[in-house]
Amino acid sequence: MANNVEVKEIKYTAKDFASDQEVRWCPGCGDYSILAQVQRTFPEIIDRPKENIVWVSGIGCSSRFPYYMNTYGFHGIHGRAPAIATGVKLANPNLSVWVASGDGDLLSIGGNHFIHACRKNIDLKILMFNNRIYGLTKGQYSPTSEKGKVTKTTPYGSVDYPFNPPMLALGAEASFIARSIDRHPKHLQEMIRRAGLHKGTAFIEIFQNCNIFNDGAFSLLTEKETKDDHVLELVHGQPMIFGKNKDKGIKLDGMTPMVVDLTTGKYSKDDLWVHDEFDPNPARTAILAMFDETPGFPTPIGIFRQITKETYDEGLFRQIEEVKKKKGEGDLEKILFSGNVWEVN
Amino acid sequence: METDKEKELLQLKEVTIRFAGDSGDGMQLTGTQFSETTAWVGNDLNTLPDYPAEIRAPAGTIYGVSGFQLHFSSEDIHTPGDQPDVLVAMNPAALKKNLPELKKGGMIIVNSDSFDIKNLNLAHYESNPLEDGSLDGYQVYQVPISSLTANALEGVKLSPKEVSRAKNFFALGLMYWLFNRPIDNTVKWIHEKFAKNPEYIEGNERALRAGYNYGEMTELFTARYTVEPAKLPKGTYRSISGNEATALGFLAASVKSGLPLFLGSYPITPASEIIQYLSTYKNFGVKTFQAEDEIAGITTAIGASFAGNLAITSTSGPGLALKTEAIGLAVMTELPLIIIDVQRGGPSTGLPTKTEQADLLQAVCGRNGEAPVVVVAAATPSDCFNMAIEASRIAIKYMTPVILLTDGYIANGSEPWKIPHANELPDIPVKFRTEKEGFYPYLRDENLARPWAIPGTPELEHRIGGLEKSDIYGNVSYDPDNHHKMVTLRAKKIKNIENDIPLLEVEGEQSGELLVVGWGGTYGAIKEAVNKARAQGYKVSQAHFRYINPFPKNTEQVLRSFNKILIPEINLGQLARLIKSEFLIDVQQFNVVRGLPLRVADIVDQIIKTLGGNNGK
């Protein structure tokens, strides 16, 4: 794209995005990795001067994120980050607006704002740090904690069913849905990069370890011995293969997924479901999102879905221009003196 | 046959009419049209729409009655009138509900067709009031409005239901004849409103003309009435409601500040019209965001303010409660933001369509922590325009949230408004910080306002939020002394605004026995009451607050110039409480919380009572 050449002259390094504030997460917190991957990725994806980036957050450990980014930042109130970010974006559509939130912040108190941001396709990048626990309030269960979870508020185990975040985002028709893991830096960088390039609401669920209150919540997906058998990395155009020896695959039988063994000779690569991240059919994306809840299925990471549709901000400004064209630029004097006016002499 | 055009024409100074009917009868429309025409012929006027919260309660029931009262005069008036002189009742329920309010000997015009057994039962009448003598002492006019409308509309391609719905135009036409008003305005309105439905135009216009002609032809009425134009100051006028004036005020503030207007709002009665009006000004670049809830309404506005728009959010009582935490955030981040609260009856869902002024303490105090915000209140429908501009000016200049209080009565009520020219309105200066040298997010100017450095400004990248900030630098700070300092600074910033607002004015003698003090939408009722008491020789003055936090600088001096202070409010004494605690002055209260404007006569009685008979005469 020739007209991008000029813009790309802005050369940033990861350091440019680090603020002068001391990072105060617990040692060993997965947030450090997320911060590092964002700072590493930004020089590649930021196509505008740094002053046009805004980070918005709610409340929680993850929500301290804006303080550590040397961009404009707004640390809001619990759950409201998507709404605050919406206001920022609509006030100035030239801004690149990012939201840092946690599973409690975004899906519990902020659930309403999250689904409506997705529904309206507001051009926001939402990074949800999911550690399946409330960290800053010291260890209560969250809307993504598994049923039966024992925490300070559920001493006999939680009786709640957890949210499935990609399913929720899909239900709200988000135009970009992805998942990554704090301990998979290269993959996380790629997801951030792709979200940054997407136009519309981009949602990334990032599995993140809370080593204080929920240590090892994702160890099956991160430990060397187990991860290959439990993680399915979605790659566009590639068949779904996983397993230590790349010996397992996913086949789609009608609308029923099945895990197949590639070593028996019964199934080959050619029988497998080929991932299409641009698949317009949300039903197939939903099948993918439900893997987590199906015994024997791996947890997918990568881009679940990416579709193109007009963003809310594009729609809003298009409409303003259309009305201006139709009615002419606003004239205050004319509006004040409109309607049934009369003279008193 | 000669038409009787020579019926006696009686001059009246003022008239109060109440139109009442079923929620589906179009009484609000009838009232609005009569008001528009009345304004147009030059009377001063004031209106009170009064409707149930249910959109279409079962027809014929008392709780489904919708009313519209208007008071018009050849003199300066300030209220919709205590008691109607004329009641137009479209069915028995409307008669039953409104009769107690009608003046003794007043005029009743009823749609006699609707007084059948079914409707009488629905209204819980045991016998027909038109026949049982219970209306003796009133001037009752029985007009078969339904059948006359049906006759007039014969041949028009409308369903029987649509024909029946046109009866409000018949009633309107009849009232136009009775009060000697032209029908042209309404004819024009019908043509514009129903441009796409020629049958509706024909039906409604025919009904309107039929009503007017009926007045002329019938022997029922022996006289017609006329009210001469009021002597209003020279200028161009329009009739305006409070909500419309609020929307226009913010539009003007946007133009005069050069800032794009952003409204984040969630629909709520009686504030919804503000977002509806502003949504029509897209060609001014106005951005209206219908949010998913009240909290998103205000937080989108906070985000828009951070990014440099003139940001507002509109709501009513319960919505203000939901916005509370976010207002605290705007206090802490010191961003300009205007929160419009069109007060309604509370608590909780309360009386959604009725007026009240019981959110004052919520506005002044209702937040966690020491979270001072500016509170201003509009006094009349057209004053909403001025106060919207004032709220914007203060919010921008002092980097602070401002709560603008109006109420259901002035929001829906209307009055003639002398339209200001756009170039007469003062500019609102905006100073975005752009210089890098010496920039700190919580540095303060001579007004104690911090710099508005908006995203997109090179090298001013900074972070703000709800955690306590260090003075000047704006980093998160838990330092005890810093917190004390910041709490004090934020309070001082708001208090200092008293130097930048008009002094409290006293209408009448500047000192003496009794001062009647009010705030917000009770201005008109108090003014009329004070005028009436003065006309009877009582020495009483009036002062009215439009700025409540901070109070005008001379407030204590004004209050101490009188021996007695009387504070009428549509709450249980919220301004009284603020005055008592702020100035340690004793006040007398007059509180009536009926979901309706205060009655002039009641305030007059209270004034006389407070003065103790002849005191102050």
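Given N residues in segment B:344-487, what is its alpha carbon radius of gyration divided by 2.2 N^0.38 Å? Walk me through the intermediate numbers first.
Numbers: Rg = 19.3 Å, N = 144, 2.2 N^0.38 = 14.5 Å.
In units of the 2.2 N^0.38 Å rule of thumb, it is 1.33.
At q = 0.21, 0.22 Å⁻¹, work out log10 I(q)/I(0) for segment B:225-268 with the Debye formula, treating every Cα as an identical point scatterer and leaving solvent out; two decimals please.
-0.87, -0.91
Name the residues of segment B:455-473, by number, that are at least 30 Å² less accessible with every protein chain in place than in the isolated chain; the surface is that of heavy atoms, probe 1.4 Å, without ligands or nucleic acids.
Relative to the lone chain, where solvent access is computed with a 1.4 Å probe, segment B:455-473 loses at least 30 Å² at B:PRO455, B:GLY456, B:GLU461, B:ARG463, B:ILE464, B:LEU467.
Too long at a 23 Å Cα-Cα cut-off: which of B:LYS97/B:LYS354; A:LYS334/B:LYS431; A:LYS138/A:LYS224? If you can, show how the numbers build up before the last one.
Values: B:LYS97/B:LYS354 16 Å; A:LYS334/B:LYS431 28 Å; A:LYS138/A:LYS224 29 Å.
From the list (B:LYS97/B:LYS354; A:LYS334/B:LYS431; A:LYS138/A:LYS224), the Cα-Cα distance tops 23 Å for A:LYS334/B:LYS431; A:LYS138/A:LYS224.
May I ask for the angle, rounded to the nearest 10°, between helix A:312-327 and the longest principal axis of chain A, with both axes built from Cα atoms and the value confined to 0 to 90°?
Taking Cα atoms only, the helix is inclined about 20 degrees.
Taking a 1.4 Å probe, which of A:PHE278, B:PHE250 shows the most accessible area, and what order do the others take after it? Before the final figure, lay out the partial values.
Numbers: A:PHE278 100, B:PHE250 0 Å².
The ordering from most to least exposed comes out as A:PHE278, B:PHE250.
Let me confirm one metric for peptide B:279-289, namely the mean number of other chain beta-carbon atoms within 10 Å of its residues' beta-carbons. List each step's numbers first, then the result.
Working: counts 0, 3, 5, 10, 13, 9, 7, 3, 8, 1, 8.
Whole-number average of other-chain Cβ neighbours for B:279-289 is 6.
To the nearest 10 square angstrom, what accessible area does B:SER114 show with a 1.4 Å probe?
Taking all protein chains as shown, B:SER114 has close to 10 Å².
Measuring from centroid to centroid over Cα atoms, what is the spacing of segment B:114-151 and segment A:54-76 in Å?
Going from one Cα centre to the other spans 68 Å.
Determine which lysines satisfy two conditions relative to A:LYS15: a Cα distance under 24 Å, and not lying fewer than 8 residues away in the same chain.
A:LYS15 reaches A:LYS50, A:LYS125, A:LYS186, B:LYS436.
For chain B, give me the percentage of DSSP beta bridges that are antiparallel, rounded to the nearest 5 percent.
Antiparallel: roughly 35 percent of the beta bridges in chain B.
Could you pull out the pairs from A:LYS89/B:LYS282; B:LYS256/B:LYS527; A:LYS327/B:LYS287; B:LYS323/B:LYS493; B:LYS167/B:LYS188 whose alpha carbons sit more than 27 Å apart here?
On the way: A:LYS89/B:LYS282 17 Å; B:LYS256/B:LYS527 32 Å; A:LYS327/B:LYS287 16 Å; B:LYS323/B:LYS493 22 Å; B:LYS167/B:LYS188 18 Å.
From A:LYS89/B:LYS282; B:LYS256/B:LYS527; A:LYS327/B:LYS287; B:LYS323/B:LYS493; B:LYS167/B:LYS188, over 27 Å: B:LYS256/B:LYS527.
GluC sites (Glu not before Pro), restricted to segment B:440-491: which are DSSP loop and have at most 14 other Cβ atoms within 10 Å?
Within segment B:440-491, the qualifying GluC sites (Glu not before Pro) (loop, at most 14 other Cβ atoms within 10 Å) are B:GLU446, B:GLU459.
What ranking do A:191-201, A:284-294, B:191-201 get when scored by the average of other Cβ atoms within 10 Å per residue, highest first?
Most protected by this proxy first, the peptides run A:191-201, A:284-294, B:191-201.
Give the whole-number value, in cubic angstrom per residue, of the convex hull volume spanned by the C-alpha atoms of chain A.
Working: hull volume 72.8 nm³, N = 345.
Output value, Cα hull per residue: 211 Å³.
Just how much of B:HIS484 is accessible, in Å², when a 1.4 Å probe is used and the result is rounded to the nearest 10?
130 Å²
Restrict the search to segment A:4-85; then list the GluC sites (Glu not before Pro) that DSSP places in a loop and that have at most 14 other Cβ atoms within 10 Å of their Cβ. It would help to have the intermediate numbers written out before the result.
Details: sites: A:GLU6, A:GLU9, A:GLU22, A:GLU44, A:GLU51; in loops: A:GLU6, A:GLU22.
Taking segment A:4-85 and a limit of 14 other Cβ atoms within 10 Å, the loop GluC sites (Glu not before Pro) found are A:GLU6, A:GLU22.
How big is the shadow of the Cα convex hull of segment B:35-147, averaged over all directions, in nm²?
8.0 nm²
Taking a cut-off of 19 Å between Cα atoms, list the aspartates and glutamates near A:LYS244, but don't count ones fewer than 8 places away on the same chain.
Once the sequence-local aspartates and glutamates are set aside, what remains near A:LYS244 is A:GLU223, A:GLU225, A:ASP228, A:ASP229, A:GLU233, A:ASP261, A:ASP292.
Given the Cα atoms of the protein assembly as shown, and with Rh set as the inverse mean 1/r over their pairs in the Kirkwood sense, what is Rg to Rh to two decimals?
My calculation puts Rg/Rh at 1.05.
Please enumerate, by chain and number, the lysines with C-alpha under 17 Å from the C-alpha of B:LYS492, excluding those fewer than 8 residues away in the same chain.
By straight Cα distance, B:LYS492 reaches B:LYS397, B:LYS469, B:LYS553.
At a 1.4 Å probe radius, carbon and sulfur cover how many percent of the accessible area of the protein assembly as shown? Provide the component values of the computation, followed by the final result.
Values: 19730 of 38580 Å².
Reported share for carbon and sulfur atoms: 51 percent.
Normalising by the residue count of chain A, find the relative contact order in percent from Cα pairs under 8 Å and 6+ residues apart.
14 percent
Given the whole protein assembly as supplied and a 1.4 Å probe, what does the accessible area of B:TYR440 come to in Å², nearest 10?
90 Å²
Over the C-alpha atoms of segment B:253-339, what are the Rg and the largest Cα-to-Cα span, Dmax, in Å?
Both quantities, over Cα of segment B:253-339: 12.0, 33 Å.
Heavy-atom accessible area per residue, the protein assembly as shown, 1.4 Å probe: how many Å²?
Heavy-atom accessible area per residue stands at 40 Å².
Taking all pairs of different Cα atoms in segment B:492-617, averaging 1/r and flipping that mean, what Kirkwood radius in angstroms comes out? Please list the in-between numbers first.
Numbers: mean 1/r = 0.0683 Å⁻¹.
This gives a value of 14.6 Å.
Which whole-number percent gives the relative contact order of chain B, counting Cα pairs below 8 Å spaced six or more residues apart?
Relative contact order of chain B: 12 percent.
Give me a single rounded figure for A:90-101: the average over its residues of other chain Cβ atoms within 10 Å of their Cβ. Please report the intermediate quantities before stating the final value.
Details: counts 10, 18, 9, 1, 3, 4, 1, 3, 0, 0, 0, 0.
Average neighbour count from other chains, rounded to a whole number: 4.
Where does each of A:GLU190, B:GLU569 land when they are ordered by accessible area, with a 1.4 Å probe and the largest first? Write out the running numbers ahead of the final one.
Values: A:GLU190 65, B:GLU569 0 Å².
Output order, biggest surface exposure first: A:GLU190, B:GLU569.
Can you give me the relative contact order of segment A:214-345 as a percent, contacts being Cα pairs under 8 Å and 6 or more apart?
Taking the mean separation of contacting Cα pairs over the length of segment A:214-345, I get 20 percent.
Taking N as the number of residues in segment B:84-136, what is its Cα Rg relative to 2.2 N^0.38 Å?
1.03
Specify the inter-centroid distance of segment A:289-316 and segment B:548-591, based on alpha-carbon positions, in whole Å.
That distance is 60 Å.
In whole angstrom, how far apart do the alpha carbon centroids of segment B:512-537 and segment A:199-254 sit?
Centre-to-centre (Cα) distance: 74 Å.
As a test of the definition: with a 1.4 Å probe, what buried accessible area, both sides summed, do you compute for A against B, in Å² to the nearest 100?
Values: alone 17940 and 25970 Å², together 38580 Å².
Using a 1.4 Å probe, the pair buries roughly 5300 Å².
Quick one: order B:ASP44, A:ASP270, A:ASP331 from most to least accessible surface, probe 1.4 Å.
If we order B:ASP44, A:ASP270, A:ASP331 from most to least accessible, we get A:ASP270, A:ASP331, B:ASP44.
Over the whole of A:326-335, what's the average partner chain Cβ count within 10 Å per residue? Rounded to a whole number, please.
5
For chain A, what does -39500 (n - 2.57) per DSSP helix run (n ≥ 4), summed and divided by total residues, give at 222 nm, in deg cm²/dmol to the nearest 500?
-8000 deg cm²/dmol, from helical runs alone.
Counting just the Cα atoms, what span does chain B cover along each of its three principal axes? Round to the nearest Å and put the largest first.
Rounded to whole Å, the extents work out to 90, 63, 47 Å.
The values are calculated or read from the model by the stated rules, or taken from the named source; none is laboratory data. Not measured: the values here are computed from a predicted model. Ideal geometry is used to build each Cβ from the backbone, glycine not excepted, and the neighbour counts take in all protein chains shown. All accessible areas refer to the heavy atoms of the entire protein, side chains included, with ligands and DNA or RNA removed. Shrake-Rupley method; radii C 1.70, N 1.55, O 1.52, S 1.80 Å.
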